[in-house]
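Values in this text are rule-based calculations from the coordinates and carry no lab data. Please read all numbers here as calculations on a predicted model, not as lab measurements. Positions of Cβ are backbone-derived with ideal geometry, glycine not excepted, and every protein chain shown enters the neighbour counts.
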Amino acid sequence: MAKITNQKEQTQSDVILDASDLAILKLLQQNARITVKEISEKVHLSTTPVHERIKRLEQNGVIKQYVTLLDYQKVKKGLMVICYVSLKEHSKNAGSKFIKAIHELNEVIGCYNISGQFDFMLKVVCEDMNAYYDFHVNKLSQMENMGNLQSVFVMGILKETHQLV
């Protein structure tokens, strides 16, 4: 099975994070728009070392990107579905084709290569059940090499975070 990887991925041992780095990362995760000045005041360092640390964290791939998190309901993506997918064929080529196709589906906001009965878990958002039905029937089910597909509908989000430290 094709493994989803990024050539810039680094192992945990490649980057050493000290307490100040972790404090900076925590603040940036809480608010990516926080200024270097505000961070420096909270971590008790001057602005230059804070700026240099942030640049190093970006260059080393610890900070992958800055994003804006949206309210699903307010952007008309109120239906969230977890889709479990198994492929008919499990060659590297077949897995790569599936991954490429998934990247082209805007409804899929997360794709995870998993172990167990299924090969992939997709996090899908749509406006409503009719939109999901259209996605399921006309896009996902029509993909080459599609085996089994199971949809689980999210009834409520009790915890959702992107904070790692």
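Here are a few things to note about the model shown:
- Residues being farther than 24 Å from PHE120 by Cα and part of a helix (DSSP H, G or I) - total across segment 66-109: 3
- The one condition from (1) buried (at least 16 other Cβ atoms within 10 Å of the Cβ); (2) of a type in the set (Val, Ile, Thr); (3) assigned to a helix (DSSP H, G or I) that ILE63 does not meet is (3).
- Answer residue from segment 137-165, given it is outside any strand (DSSP E or B) and among the polar types (S, T, N, Q) and is surrounded by the most Cβ atoms within 10 Å (Cβ to Cβ) among those: ASN145
- Segment 107-136, residues that are surrounded by 12 or more Cβ atoms within 10 Å (Cβ to Cβ) and among the polar types (S, T, N, Q): ASN113
- For segment 113-126, a tally of residues being touching a residue at least 40 places away in the same chain (Cβ under 8 Å) and of a type outside the set (Lys, Arg) returns 6.
- Test result for ASP119, within 13 Å of SER86 (Cβ to Cβ) and acidic (Asp, Glu): yes
- Looking only at segment 50-89, and only at residues there that are touching a residue at least 40 places away in the same chain (Cβ under 8 Å) and hydroxyl-bearing (Ser, Thr, Tyr), the one that is nearest to ILE34 (Cα to Cα): TYR72
- Members of segment 22-57 found to be within 24 Å of THR161 (Cα to Cα), in contact with a helix residue (DSSP H, G or I) (Cβ under 8 Å, 6 or more places away or on another chain) and small (Gly, Ala, Ser), listed by number: ALA23
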